[in-house]
1. Would you mention how many residues in the stretch 263-290 are out of contact with any strand residue (DSSP E or B) (no Cβ under 9 Å at 6 or more places or on another chain), part of a loop (DSSP other than H, G, I, E, B) and within 14 Å of Gly216 (Cβ to Cβ)?
2. Which of the residues belonging to the stretch 315-339 are of a type in the set (A, V, I, L, M) and outside any strand (DSSP E or B)?
3. For Arg240, state whether it is outside the structural domain of Gly123 (by TED's automatic domain parsing), crowded, with 16+ Cβ neighbours inside 10 Å and of a type in the set (Lys, Arg).
4. For the stretch 258-282, what are the residues that are at pLDDT 95 or above, surrounded by fewer than 24 Cβ atoms within 10 Å (Cβ to Cβ) and either over 27 Å from Ala75 (Cβ atoms) or basic (Lys, Arg) (or both)?
5. What about Leu209, is it among the aliphatic types (A, V, I, L, M) and closer than 25 Å to Ser58 by Cβ?
6. Would you mind telling me which numbered condition in (1) crowded, with 18+ Cβ neighbours inside 10 Å; (2) outside any loop (DSSP other than H, G, I, E, B); (3) within 16 Å of the chain's Cα centre (by Cα) Val61 fails?
7. I'd like the residue in the stretch 170-196 that is closer than 17 Å to Ala299 by Cβ and touching a strand residue (DSSP E or B) at 6+ places or on another chain (Cβ under 6 Å) and, out of all such residues, is surrounded by the fewest Cβ atoms within 10 Å (Cβ to Cβ).
8. From the list Thr224, Thr147, Thr199, exactly one residue is closer than 20 Å to Ala271 by Cβ and touching a strand residue (DSSP E or B) at 6+ places or on another chain (Cβ under 6 Å). Which is it?
Amino acid sequence: MPKLDFDVITLGHGSGGLLTNKLLESGVFNLLSNEYLDQKHDGATIELNGKIAFSTDSFVVSPVFFPGGNIGELAVNGTVNDLAMCGARAKYLSLGFIIEEGLKMEEFWEILVSIKYAAEKSGIQIVTGDTKVVERGKGDKIFINTTGLGNVHPGADISTSNIKAGDKILVSGNIATHGIAIMSVREGLEFETTIVSDTCHFNDIIEHLMIQFGTGIHLLRDATRGGVATVLNEVARDIRLGMELNQKSIHISEDVEGACELLGLDPLYVANEGVFVAFVAPELVDDMLQTIQKWENGANAFIFGEVVTSHPGQVILNSSIGGKRVINMLPGEQLPRIC
């Protein structure tokens with residue numbers, strides 16, 4: 001961490017004057033340096049060819065530090081993954097900070113380092129941004145906004161209109177991990193082992209899947225707020241087809257499953273940050289599953305069910321004891337502020 005004149009962020013660091021300059025020069029510009037950001041212009045002039053995906057997101061997670069990551073890493077991965085769900089490889093991100101007066105410089109630096117690490121790992125460049133400071137009590141340490149741009153793979157055709165009856169529903173890994181990791185810290189819960197967030201980027205795996213399976217991938221969604229159940233309900237409502245799921249197929253770690261039982265939470269509604277849902281042509285799903293399982297974050301990927309013509313707009317779970325249960329849309333916020 002560079003030597004700064006203050007131990008905490010002050011309102012002066014958002015004034016646009018000397019303190020702002022010192023904060024940006026010693027921190028943001030130096031750590032995240034690249035040919036675009038180094039121009040220190042009001043925006044960035046970049047080159048993109050062909051079909052472009054564009055997404056923005058804001059991150060207000062509390063606490064900002066949690067097992068397996070922090071708000072900085074989460075912000076980069078979140079927008080990279082939103083673009084990946086469009087069949088695009090993220091290339092450029094903007095980065096906006098809203099910092100509460102009193103945030104420790106040490107914590108801000110740790111967040112910046114995580115942003116740098118996540119950007120390097122996903123292969124993107126942060127090319128422009130903004131920093132504002134609000135009075136103590138008018139924020140919650142730090143909020144981050146990221147906006148991303150990327151090239152859509154020429155073989156991608158991602159749309160709900162492509163989904164057909166018989167399509168298989170594939171989930172890329174263990175569910176409910178991120179939400180429980182956040183909840184355990186927020187509520188001071190202790191389990192036998194530390195539950196670590198699953199936050200990661202999808203840039204490489206989705207590009208690989210697009211090259212290998214192309215238009216056989218009909219839709220991609222990341223299962224963040226509201227979990228897998230919310231994603232499936234949103235899609236079922238849009239396509240006016242039903243879905244049949246198998247409870248026995250669900251992959252969830254024992255620790256997370258136990259925590260959900262203890263807290264009275266349904267893991268299908270708990271947030272994820274490193275899990276996506278894919279609707280795939282049935283003849284490709286087994287090969288695609290094997291490909292995802294070779295990915296460093298996909299060892300626990302599973303086929304959850306399929307799209308059906310019966311009960312349009314409804315998601316039905318076939319339970320492990322032979323019954324059936326309607327999986328409805330989450331009526332309220334189960335785990336507030338997980339991203």
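The values are calculated or read from the model by the stated rules, or taken from the named source; none is laboratory data. This structure is a prediction, so every number in the text was calculated from the model and none was measured. Cβ placement follows ideal geometry from the backbone for every residue including glycine, while neighbour counts extend to all protein chains displayed.
1. So in the stretch 263-290, the residues out of contact with any strand residue (DSSP E or B) (no Cβ under 9 Å at 6 or more places or on another chain) come out as 263-267, 269-271, 283, 287, 290.
With the extra rule that they be part of a loop (DSSP other than H, G, I, E, B), the set shrinks to 264-266, 270-271, 283.
Add one more test, that the residue is within 14 Å of Gly216 (Cβ to Cβ), and what stays is 283.
Final tally of qualifying residues: 1.
2. Passing the criteria: Ile321, Ile327, Met329, Leu330, Leu335, Ile338.
3. On the way: outside the structural domain of Gly123 (by TED's automatic domain parsing): yes; crowded, with 16+ Cβ neighbours inside 10 Å: no; of a type in the set (Lys, Arg): yes.
No; evaluated as a whole, the condition is false for this residue.
4. Residues satisfying the conditions are Ala281, Pro282.
5. No, not satisfied.
6. Tallying (1) crowded, with 18+ Cβ neighbours inside 10 Å; (2) outside any loop (DSSP other than H, G, I, E, B); (3) within 16 Å of the chain's Cα centre (by Cα), Val61 fails exactly one: (2).
7. Leu170
8. Details: Thr224 fails: touching a strand residue (DSSP E or B) at 6+ places or on another chain (Cβ under 6 Å); Thr147 fails: closer than 20 Å to Ala271 by Cβ.
The unique qualifying residue is Thr199.
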